[in-house]
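Single-structure report; data block below.
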Amino acid sequence: MQSLIRGITALSIILGIGSSALAQEKTDISITRQPGILYLASHVMETQQLIEKRAAEGGLKGVKVAWRTFSGGGAQTDALLSGNVDIVNTGTGNLLLLWDRTRGRVKGICTNSAQPVILVSRDPRIKSLQDIGPNDKIAVPTVGVSTQAILLQMAASKMYGDKDIHHFDANTVQLGHPDAMAALANSQHEVKSHFSAPPYQYLELKMPGVHEVTSSRDIIGGDLSQGTFFTTTEFAKANPTIVKAIRQATADAIAYIKKDPKGALEDYKTISGDKTGIDDLMAILKEPHMMDYRMDPQGTMKFAKHLYEVGTLKTMPTAWTDYYLPEAADLNGN
């Protein structure tokens with residue numbers, strides 16, 4: 001009997017400690033994203049409250065997730081470092097830069113998309129990057145550090161050598177994708193080229209005179225992770241249930257997209273207010289590599305190597321797992 005009592009007492013203590021630990025985790029969570037169906041998984045997660053459901057299954061009840069949309073990655077990373085948001089969902093370049101600048105105190109949770117991004121132009125003179133002159137403007141989400149801006153630097157390295165890695169930097173102007181698409185639609189606007197993202201790039205390619213110049217796959221030679229959830233290691237350590245729930249919810253959302261892409265797009269339209277017809281969005285998902293919603297980091301070490309070689313990163317990671325949380329180590333990343 002005394003052994004049984006001691007056992008029950010020990011179990012009560014363990015359960016009490018576990019309940020206390022869960023009670024200390026945040027239940028009001030803020031997560032960012034950018035416009036477009038690159039972030040389709042996040043729209044499914046929001047509409048179907050997948051993070052909230054997975055957190056509850058993990059014992060953390062009453063979680064509320066506030067999703068915030070930013071036009072570019074730079075504003076998202078500023079919000080993360082200032083403590084105004086808990087988790088961001090943006091490109092590989094921003095993750096690497098913050099991992100480096102914080103000496104490893106910002107790390108990835110998982111990715112959620114690896115679709116190609118395309119540079120389009122309505123200038124008939126610009127058929128390739130070689131045709132970009134000093135006065136040509138290229139819209140990118142964030143100058144210098146967005147995925148698109150870094151891709152232009154990688155292309156410049158191949159074309160002109162490492163001494164002219166920033167060849168196209170002066171051409172770039174900062175515009176969110178919806179504003180950049182509006183600029184392309186205005187024949188009088190000085191911005192005639194846009195390093196775009198889905199669905200905008202495909203909608204732009206339907207505009208008269210707009211054509212493809214190059215793409216992320218052309219520049220990097222394969223897949224490149226786009227949407228990436230990352231946070232501070234401090235937040236991850238204090239909120240393990242939330243971190244686990246985000247990964248589980250991402251897997252749930254991607255599975256739903258694969259099973260019912262139309263339903264996922266309806267979730268996207270509900271949240272984003274995008275007026276594009278559902279049939280047009282479905283057609284976009286049939287474009288090459290547009291169903292590459294995936295959790296495992298792709299092409300990130302190529303990005304890291306480039307950023308280190310040009311001096312943007314002060315530390316060269318030995319593997320992609322250096323800038324992802326230990327919980328991501330089982331993913332098939334590169």
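The values are calculated or read from the model by the stated rules, or taken from the named source; none is laboratory data. Here the structure is a predicted model, which is why all the values come from computation and not from measurement. When we count neighbours, we look across all protein chains shown, and the Cβ atoms used for this are built from the backbone with ideal geometry, even at glycine.
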remark   = Taking segment 230-270 and keeping residues under 24 Å from Val85 (Cβ atoms) and hydroxyl-bearing (Ser, Thr, Tyr) leaves Thr231, Thr232, Thr233, Thr241, Thr250, Tyr268, Thr270
Pick from segment 227-286, criterion surrounded by 13 or more Cβ atoms within 10 Å (Cβ to Cβ) and acidic (Asp, Glu), ranking: farthest from Pro198 (Cα to Cα) = Asp252
message = Ala170 - would you say it is in contact (Cβ under 8 Å) with a residue 12 or more places away in the chain, within 22 Å of Arg125 (Cβ to Cβ) and within 23 Å of the chain's Cα centre (by Cα)?
response = no
note = Of all strands (runs of 3 or more DSSP E) fully inside segment 183-279, the set with 1 or more residues that are among the aliphatic types (A, V, I, L, M) is 191-195, 211-215
task = Would you check which residues across segment 284-312 are without any contact (Cβ under 8 Å) to a residue 40 or more places away in the chain and either aliphatic (A, V, I, L, M) or not assigned by TED's automatic domain parsing to the domain that holds Leu38 (or both) and list them?
result = Met291, Met301
key: Answer from Leu151, Leu119, Leu184 - the residue that is surrounded by 18 or more Cβ atoms within 10 Å (Cβ to Cβ), out of contact with any strand residue (DSSP E or B) (no Cβ under 6 Å at 6 or more places or on another chain) and not acidic (Asp, Glu)   = Leu151
ask   = What number goes with the only condition from (1) over 19 Å from the mean Cα position of the chain (by Cα); (2) touching a residue at least 24 places away in the same chain (Cβ under 8 Å); (3) in a loop (DSSP other than H, G, I, E, B) that Ala155 does not pass?
value = (3)
query = Taking segment 222-234, which residues are more than 17 Å from Arg294 (Cβ to Cβ) and either in contact with a helix residue (DSSP H, G or I) (Cβ under 8 Å, 6 or more places away or on another chain) or of a type in the set (Val, Ile, Thr) (or both)?
reply = Thr231, Thr232, Thr233
ask   = Looking at Ser71, Ser30, Ser42, which one is under 21 Å from Ser113 (Cα atoms), assigned to a loop (DSSP other than H, G, I, E, B) and either small (Gly, Ala, Ser) or in contact with a Lys or Arg (Cβ under 6 Å, 6 or more places away or on another chain) (or both)?
value = Ser71
inquiry  = Just to be sure I understand the filter: pairs with C-beta atoms under 8 Å, separated by 6 or more residues or on different chains, first member in segment 65-77 and of a type in the set (Gly, Ala, Ser), second member part of a strand (DSSP E or B) and surrounded by fewer than 20 Cβ atoms within 10 Å (Cβ to Cβ). Which pairs pass?
reply    = Ala66/Asp28; Ala66/Ser30; Gly72/Gln174
